[in-house]
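Take a look at the structure set out below.
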Amino acid sequence: MIEAIEKNLQRGISLLQTISNKQYADSSVAPYYSSIGCHMRHILDVFTCVFDGLEENTILLNKRNRDKSSELEISLGLQYFDKILHELHQIHASDLQKVVQVEDDMGLGVETVEYTLGAILMQAHSHAIHHFASVGFIIYQLGIELPDADFGFNPTTPKVKV
């Protein structure tokens, strides 16, 4: 599991290593007017919530950092990826069965449910893929080449032959 998450996050790093700060921060694409950097920061914020909550076994998904600087400067985005990968590497296979409380605002109030650490990491991984797909749309609109053919695709998505 850790290896799969790392492989996916490396796709984000690869993209950041091939674009400019201007492209990273460009929020001109309709309909949401969010930037590549905004999506990357959001993805990493969710992982930060997971890692920040481990000591107390309470993961607060509604307490994201939302540090704007990491969505405007590629160098800060890359540092954020490095921080998350470092935290990810602290997780051992035996930790994945640990039970944690996960709290989030569902729109009608805050709900708390029990997850295993493995389950919340799977959710964060799927969430990252979902946002990479949105980034893929932005990339296409900005005329940037995808870092690889699988960027933003869930591994279970059937391959379309073009």
(request) Give the number of residues within segment 69-80 that are farther than 9 Å from residue 37 by Cα and free of Cβ contacts under 8 Å to residues at least 40 places away in the same chain. (result) 4
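So which of 98, 161 ends up being surrounded by fewer than 16 Cβ atoms within 10 Å (Cβ to Cβ), among the charged types (D, E, K, R) and in contact with a helix residue (DSSP H, G or I) (Cβ under 7 Å, 6 or more places away or on another chain)? Before the answer, list the steps.
Values: 161 fails: in contact with a helix residue (DSSP H, G or I) (Cβ under 7 Å, 6 or more places away or on another chain).
That would be 98, the only listed residue that is surrounded by fewer than 16 Cβ atoms within 10 Å (Cβ to Cβ), among the charged types (D, E, K, R) and in contact with a helix residue (DSSP H, G or I) (Cβ under 7 Å, 6 or more places away or on another chain).
Just the residues that are in a helix (DSSP H, G or I), open to solvent by less than 80 Å² (accessible area, probe 1.4 Å) and touching a residue at least 12 places away in the same chain (Cβ under 8 Å), please, taken from segment 112-122. Talk me through it step by step, then tell me what you get.
Looking only at segment 112-122, we keep the residues that are in a helix (DSSP H, G or I), and these are 117-122.
Within this subset, residues satisfying the condition of being open to solvent by less than 80 Å² (accessible area, probe 1.4 Å) are 117-121.
Passing the criteria: 117, 118, 120, 121.
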(request) State yes or no: is residue 67 surrounded by 14 or more Cβ atoms within 10 Å (Cβ to Cβ) and of a type in the set (Asp, Glu)? (result) yes
(request) Pick out the one residue from 81, 51, 137 that is within 21 Å of residue 10 (Cβ to Cβ), of a type outside the set (D, E, K, R), crowded, with 17+ Cβ neighbours inside 10 Å and more than 12 Å from the chain's Cα centre (by Cα). (result) 51
(request) Name every residue in segment 132-162 that is assigned to a helix (DSSP H, G or I) and in contact (Cβ under 8 Å) with a residue 24 or more places away in the chain, in order of residue number. (result) 132, 134, 135, 137, 138, 139, 141, 142
(message) With the condition being of a type in the set (Asp, Glu) and closer than 21 Å to residue 150 by Cα, I'd like the helices (runs of 4 or more DSSP H) fully within segment 1-97 carrying at least 2 qualifying residues.
(response) 2-16
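The values are calculated or read from the model by the stated rules, or taken from the named source; none is laboratory data. Note that the structure is a prediction, hence the values are computed from the model and not measured. Glycine also receives a Cβ, built like all others from the backbone with ideal geometry; neighbour counts cover every protein chain displayed. Surface accessibility is based on the protein's heavy atoms, side chains included, excluding ligands, DNA and RNA. Shrake-Rupley method; radii C 1.70, N 1.55, O 1.52, S 1.80 Å.
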